[in-house]
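Trainee: What follows is a single structure, and I will ask about it in a moment.
The values are calculated or read from the model by the stated rules, or taken from the named source; none is laboratory data. All figures in this text were calculated on a predicted structure; none of them were measured in a lab. As a convention, Cβ positions derive from the backbone with ideal geometry for all residues, glycine included, and neighbour counts pool all protein chains shown.
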Amino acid sequence: MGFLALVLFLIIFALILKGYPVAFTLGGVSVVFALVVMLFAPDVISMRDFNLLPSRFMGTINTTMLMAVPLFIFMGIMLEKSGLAESLLETMSNLFGSLRGGLAISVVIVGALLAASTGIVGATVVTMGVLSLPVMLKRGYKPELATGVIASSGTLGQIIPPSVVLILLADQIGASSRGGVQVDVGSMFKAAFLPGFLLVVCYIIYILVISNLRPTWAPPIPEEEVKAMRGKGFAFRVFKAFFLPLLLIVAVLGSIFVGIASPTEAAAVGATGATLLTVFERKFNLNILNQVMRQTMQLTAMVFWILLGATTFTLIFRTLGGDTYLIELIQNANLSPMTFLAIVMVLIFVAGFFIDFIEIIFIFVPIITPIFNVYEVDMLWVGILMALNLQTSFLTPPFGFSLFYLKGVAPPEITTQHLYRGIIPFIFIQIFIITLIIIFPEIIYIF
């Protein structure tokens, strides 16, 4: 029966790759497969097993941790409407424009700040693509470097907290642990902070190195132009551009890190703060509120439908003994924990070429977590490695969503080949950071 569970997994994976809706494929195929098995082997699956589904659904929906998902989504979309990105990009360009690669460095720093404020990849990439890509091209930046910087910086919200990826990973690892060490959202946020910061630093180092080795790729803005752009009151504009978003970041992440608030409570603070920030910037109105609420509802509904489908798949997979069968296979193969981790990392990286990070989390995590628990591997460490790996799913062709978002707003002269070539160095940087965390796992425990 355990082999049948693997057959179910392969059927679902193949259908998702074909483009069928993930939520309904996970749930629908699992139910149909279970009904067929029940007809021929009623002793393996019975109606009693199906009767567990409603309680599983309600248990999933009532998870307090998942209340943070719509709140953080609301916060991100509201901040996108506030004009925060435009203000930050203009200020950072004035600060770093006179350096070689200064505009690219500005995009990375703004991407990091938006990641810690919003975490919405699509909004970040589109906003920075619209605002900074034409300017970078006009200033003589090599198209591959400009597009690579924007696409990779826009995905920082997947690893820098508060991140929906980290929330979903913590939820799925906790739900699949079966007696293993529980992983909470606060721990995931703390553990991800330094890896995210290292990623930003490596991006900036790469830009500085390549812009000095290839001066024509990232020319500086002439000094006289920079002085003219700064003008009177520049110090106040810098303060205003940085103070409000940093205040929001400190309120959200600081309250979690020092233990004042749970992630869900901090998410509520963030949603309220983002609304007040939009009011302060005089961008708030009923139309904006309506747009933000609709987009929040759509994204939240998508996540929860996939989650319910994944709950159905996990129940059927375990009822068929799939997790026990996999554990026996791994143990009989005499794989070391590090070998199994390497296999998982490669599979997730390859899957990221074809399917979305949410789908990868809900399909892979329930299957591999029990095996890691048998090996007594630290699941917080594995979760951070998976989060870094999942970030590449936004960048790897042919279905890297960050590339799609950027191509949709890029000038006509920017081709798909520019995007593909430009992103390669940043993917290697991410692989380097993953390797660094594998070799030095204590990095995630510094905070």
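Trainee: Quick check: anything in segment 18-29 out of contact with any Pro (no Cβ under 6 Å at 6 or more places or on another chain) and more than 19 Å from residue 311 (Cα to Cα)? Spell out how you get there, then give the answer.
Mentor: Of the residues in segment 18-29, the ones out of contact with any Pro (no Cβ under 6 Å at 6 or more places or on another chain) are 18-29.
Those left that are additionally more than 19 Å from residue 311 (Cα to Cα): 18-19.
Within segment 18-29, one or more residues are out of contact with any Pro (no Cβ under 6 Å at 6 or more places or on another chain) and more than 19 Å from residue 311 (Cα to Cα).
Quick grid of which residues meet (1) touching a residue at least 60 places away in the same chain (Cβ under 8 Å); (2) farther than 18 Å from residue 26 by Cα; (3) exposed (fewer than 13 other Cβ atoms within 10 Å of the Cβ); (4) touching a strand residue (DSSP E or B) at 6+ places or on another chain (Cβ under 7 Å):
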| site | (1), (2), (3), (4) |
| --- | --- |
| 37 | yes, no, no, no |
| 42 | no, yes, yes, no |
| 47 | no, yes, yes, no |
| 50 | no, no, no, no |
| 54 | no, no, yes, no |
| 58 | no, no, yes, no |
| 62 | no, yes, yes, no |
| 68 | yes, yes, no, no |
| 72 | yes, yes, no, no |
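Trainee: Do we have residue 318 as out of contact with any strand residue (DSSP E or B) (no Cβ under 7 Å at 6 or more places or on another chain), among the basic types (Lys, Arg) and closer than 30 Å to residue 82 by Cβ here? Talk me through it step by step, then tell me what you get.
Mentor: Numbers: out of contact with any strand residue (DSSP E or B) (no Cβ under 7 Å at 6 or more places or on another chain): yes; among the basic types (Lys, Arg): yes; closer than 30 Å to residue 82 by Cβ: no.
Judged against the criteria, residue 318 is not a match.
Trainee: Which is in a helix (DSSP H, G or I), β-branched (Val, Ile, Thr), modelled with pLDDT of 85 or more and closer than 21 Å to residue 97 by Cβ, of 107, 130, 135?
Mentor: Working: 130 fails: modelled with pLDDT of 85 or more; 135 fails: modelled with pLDDT of 85 or more.
Of 107, 130, 135, the one residue that is in a helix (DSSP H, G or I), β-branched (Val, Ile, Thr), modelled with pLDDT of 85 or more and closer than 21 Å to residue 97 by Cβ is 107.
Trainee: Kindly indicate whether residue 71 is in a helix (DSSP H, G or I), farther than 29 Å from residue 228 by Cα and within 18 Å of the chain's Cα centre (by Cα). Quick ask: steps written out before the conclusion?
Mentor: Details: in a helix (DSSP H, G or I): yes; farther than 29 Å from residue 228 by Cα: yes; within 18 Å of the chain's Cα centre (by Cα): yes.
Yes; evaluated as a whole, the condition is true for this residue.
Trainee: Now, a different point. Name the helices (runs of 4 or more DSSP H) wholly within segment 376-447 that hold at least 1 residues that are surrounded by fewer than 17 Cβ atoms within 10 Å (Cβ to Cβ) and touching an Asp or Glu at 6+ places or on another chain (Cβ under 9 Å)?
Mentor: Details: elements: 379-391, 401-409, 416-439.
It comes to 416-439.
Trainee: Restricting segment 197-244 to residues that are β-branched (Val, Ile, Thr) and touching a residue at least 24 places away in the same chain (Cβ under 8 Å), which is surrounded by the most Cβ atoms within 10 Å (Cβ to Cβ)? It would help to see each step written out before you state the result.
Mentor: Of all residues in segment 197-244, those β-branched (Val, Ile, Thr) come to 200-201, 204-205, 207, 209-210, 216, 221, 226, 238.
From the residues that got through so far, the ones that are touching a residue at least 24 places away in the same chain (Cβ under 8 Å) too are 200, 204, 207, 210, 216, 221, 226, 238.
Details: 200: 19, 204: 18, 207: 25, 210: 18, 216: 9, 221: 18, 226: 18, 238: 15.
The qualifying residue surrounded by the most Cβ atoms within 10 Å (Cβ to Cβ) is 207.
Trainee: Only one residue in 87, 117, 98 is among the hydroxyl-bearing types (Ser, Thr, Tyr), in contact with a helix residue (DSSP H, G or I) (Cβ under 7 Å, 6 or more places away or on another chain) and crowded, with 24+ Cβ neighbours inside 10 Å. Which one?
Mentor: Working: 87 fails: crowded, with 24+ Cβ neighbours inside 10 Å; 98 fails: crowded, with 24+ Cβ neighbours inside 10 Å.
Just one listed residue meets the conditions, 117.
Trainee: Then there's this: Tell me yes or no: at least one residue of segment 278-285 is in contact with a Phe, Trp or Tyr (Cβ under 6 Å, 6 or more places away or on another chain) and farther than 28 Å from residue 444 by Cα.
Mentor: First, pick out the residues of segment 278-285 that are in contact with a Phe, Trp or Tyr (Cβ under 6 Å, 6 or more places away or on another chain): 278.
Then drop every residue that is not farther than 28 Å from residue 444 by Cα, which leaves 278.
Within segment 278-285, one or more residues are in contact with a Phe, Trp or Tyr (Cβ under 6 Å, 6 or more places away or on another chain) and farther than 28 Å from residue 444 by Cα.
Trainee: Quick test for you: out of 285, 334, pick the one residue that is of a type outside the set (D, E, K, R), on the phi < 0 side of the Ramachandran plot and surrounded by fewer than 16 Cβ atoms within 10 Å (Cβ to Cβ). Break it down into steps so the answer makes sense when it comes.
Mentor: Working: 334 fails: on the phi < 0 side of the Ramachandran plot.
Of 285, 334, the one residue that is of a type outside the set (D, E, K, R), on the phi < 0 side of the Ramachandran plot and surrounded by fewer than 16 Cβ atoms within 10 Å (Cβ to Cβ) is 285.
Trainee: Ok, one more. Residue 348: at negative phi, free of Cβ contacts under 8 Å to residues at least 40 places away in the same chain and assigned to a helix (DSSP H, G or I), yes or no?
Mentor: Spelling it out, it is not the case that residue 348 is at negative phi, free of Cβ contacts under 8 Å to residues at least 40 places away in the same chain and assigned to a helix (DSSP H, G or I).
Trainee: Filter segment 289-342 down to the residues that are in a loop (DSSP other than H, G, I, E, B) and free of Cβ contacts under 8 Å to residues at least 40 places away in the same chain, then identify the one that is nearest to residue 32 (Cα to Cα).
Mentor: Narrowing segment 289-342 to residues in a loop (DSSP other than H, G, I, E, B): 320-321, 333-336.
From what is left, the residues that are free of Cβ contacts under 8 Å to residues at least 40 places away in the same chain are 333-336.
Details: 333: 32, 334: 35, 335: 34, 336: 36 Å.
Going through the qualifying residues, I end up with 333.
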